[in-house]
Amino acid sequence: MERYDIAIIGAGPAGLSAAIYAARGGLKTIVFEKGLIGGQIVVTADVENYPGFDENVTGFEIMEKMRLQALKFDALIVEEAVKGIGFEGLCKIIETDEKQYRVKSIIIASGAHPRKLNVPGEERFIGRGVSYCATCDGALYRNKIVAVNGGGDSAVEEALFLTRFVEKVYLIHRRDQLRAVHAIQQRAFKNPKIEIIWDSVIQEIDGDKQVEKLILFNRKTEKVSTLEVNGLFIYIGIIPNNQLFESRIDLDNQGFVITNDNMETNIPGVYAAGDIRQKLLRQVVTATADGAIAAFAAEKWIEENAEALARHYNEK
Ligand code: NAP
């Protein structure tokens, strides 16, 4: 069995920041990533609020620098999906398809994934007009008409991004006020290519081979209408990636991990950082801060429990 001081699950901003701090602090560090190294932010075209970058920078550029920085301090980043976590002993076990690892401490930085709308037509048209990633698919809709569903930062930012390509964006929101921060809202209100459809939900996505129309329901007037579009981008929130541990770690009612200020979960030696945590503000800057704190706290915990951990760590 391979042995590491610390295992970090997820190589997004929280995971890579934790890896930089842990490895730089002298811990033998391994990071597991089953998807994109860099996490969800990698598919964001412009990041304008990460401190230190006065010119816009892409999510990919920021995350590539974090990846290289983690490697510089000798963190190992492996593209293996974690299949199981054993929290029972003082040392923990991580299982992937390939191997088992014994570790002293774990930082969960497994992030979140986009929520689905769950309406007729959604599954059928994924990749044929339905998308969850404007950065990936936006350019396919040059001079076309698209809709974005949602009223949060993601929906409004991505609607703005899509205006670079498309003729028109309908932003469909279920209430009469956006949830996105003021500055982004103002940019959307001023953009002539964006029309907001208030108080409305999508009941159905329809078309032949590609998306052609949406059936909308106005919650105030209770009227049903049809909106002709070539594509639909869904940004209606995120769901925590908690399947590996949901029955064993304390979660809030939405499934996000509850931690204290030191990122400690209810299990000694297990920490959580980034979007997987219950928190007010989900941003790269807060994810990286979480990662740094979690790594520092884990390092202290390992130090304090060094003797007992050494016995378990060396077991076969
Ligand atoms: P979010 O803030 O949770 O917003 C989700 C939006 O979708 C809300 O407007 C919500 O409506 C709507 N919604 C939820 N379920 C729906 C349903 N079933 N049908 C229709 N509409 C539905 O999610 P997000 O925009 O993906 O952002 C996730 C997190 O990342 C947030 O913390 C956000 O601040 C952060 N983020 C930050 C930035 C940035 O700072 N640059 C960029 C992107 C994301 P209601 O408003 O009515 O609830």
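The values are calculated or read from the model by the stated rules, or taken from the named source; none is laboratory data. From a predicted model like this one, the values you see are computed outputs, not experimental measurements. In this analysis, Cβ positions are derived from the backbone assuming ideal geometry, glycine residues included, and neighbour counts consider all displayed protein chains. Please note that ligands, DNA and RNA were not included when accessible areas were found on the heavy atoms of the full protein model with its side chains. Shrake-Rupley method; radii C 1.70, N 1.55, O 1.52, S 1.80 Å.
Within region 150-179, being hydrophobic (A, V, I, L, M, F, W, C) and within 6 Å of the ligand (Cβ to nearest atom) holds for one residue alone: Ala155. For region 42-76, residues that are touching a strand residue (DSSP E or B) at 6+ places or on another chain (Cβ under 8 Å) and farther than 15 Å from Tyr21 by Cα total 9.
A count restricted to region 211-223 and to residues that are surrounded by 12 or more Cβ atoms within 10 Å (Cβ to Cβ) and either of a type outside the set (Phe, Trp, Tyr) or on the phi > 0 side of the Ramachandran plot (or both) stands at 8. Scan region 243-254 for residues that are within 16 Å of the ligand (Cβ to nearest atom) and either within 26 Å of Ile172 (Cα to Cα) or touching a Ser or Thr at 6+ places or on another chain (Cβ under 9 Å) (or both) and the total you get is 1. Applying the set (1) of a type in the set (Lys, Arg); (2) assigned to a helix (DSSP H, G or I); (3) within 16 Å of the ligand (Cβ to nearest atom) to Arg282 leaves exactly one unmet item: (2).
Just checking, does region 185-203 include any residue being away from the ligand (no atom under 14 Å from the Cβ), buried (at least 16 other Cβ atoms within 10 Å of the Cβ), modelled with pLDDT of 95 or more and closer than 25 Å to Pro120 by Cα? No, region 185-203 contains no residue that is away from the ligand (no atom under 14 Å from the Cβ), buried (at least 16 other Cβ atoms within 10 Å of the Cβ), modelled with pLDDT of 95 or more and closer than 25 Å to Pro120 by Cα.
Mind checking whether some residue in region 167-184 is touching a residue at least 40 places away in the same chain (Cβ under 8 Å) and open to solvent by less than 70 Å² (accessible area, probe 1.4 Å)? Within region 167-184, one or more residues are touching a residue at least 40 places away in the same chain (Cβ under 8 Å) and open to solvent by less than 70 Å² (accessible area, probe 1.4 Å). Among the conditions (1) surrounded by 13 or more Cβ atoms within 10 Å (Cβ to Cβ); (2) in a loop (DSSP other than H, G, I, E, B); (3) among the small types (Gly, Ala, Ser), the only one that Ser247 does not satisfy is (1).
Screening region 268-316 for residues that are modelled with pLDDT of 95 or more, aromatic (Phe, Trp, Tyr) and surrounded by fewer than 24 Cβ atoms within 10 Å (Cβ to Cβ) and picking the one that is nearest to His113 (Cα to Cα) gives Phe296. Among the residues of region 138-166, those that are open to solvent by 30 Å² or more (accessible area, probe 1.4 Å) and in contact with an Asp or Glu (Cβ under 7 Å, 6 or more places away or on another chain) comprise Asn143, Lys144, Ile145.
Selection within region 23-65: residues that are on the phi > 0 side of the Ramachandran plot and either aromatic (Phe, Trp, Tyr) or open to solvent by less than 70 Å² (accessible area, probe 1.4 Å) (or both). The member of this set that is farthest from the ligand (Cβ to nearest atom) is Gly26.
Looking at region 138-149 only, could you name the residues that are more than 14 Å from the ligand (Cβ to nearest atom) and of a type in the set (A, V, I, L, M)? Matches in region 138-149: Ala139, Leu140, Ile145, Val146.
Select from region 114-132 the residues that are on the phi < 0 side of the Ramachandran plot and more than 16 Å from the ligand (Cβ to nearest atom) and list them in ascending order. Across region 114-132, the qualifying residues are Arg124, Phe125, Ile126, Arg128.
Rundown of residues vs (1) more than 30 Å from Val211 (Cβ to Cβ); (2) within 16 Å of the ligand (Cβ to nearest atom); (3) of a type in the set (Ser, Thr, Tyr); (4) buried (at least 16 other Cβ atoms within 10 Å of the Cβ), yes/no style:
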residue: Ile77; (1), (2), (3), (4): yes, no, no, yes
residue: Val82; (1), (2), (3), (4): yes, no, no, yes
residue: Lys92; (1), (2), (3), (4): yes, no, no, yes
residue: Ser105; (1), (2), (3), (4): yes, no, yes, yes
residue: Ala112; (1), (2), (3), (4): no, yes, no, yes
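All of (1) more than 30 Å from Arg187 (Cα to Cα); (2) surrounded by fewer than 20 Cβ atoms within 10 Å (Cβ to Cβ); (3) within 16 Å of the ligand (Cβ to nearest atom) hold for Thr135 with one exception: (1).
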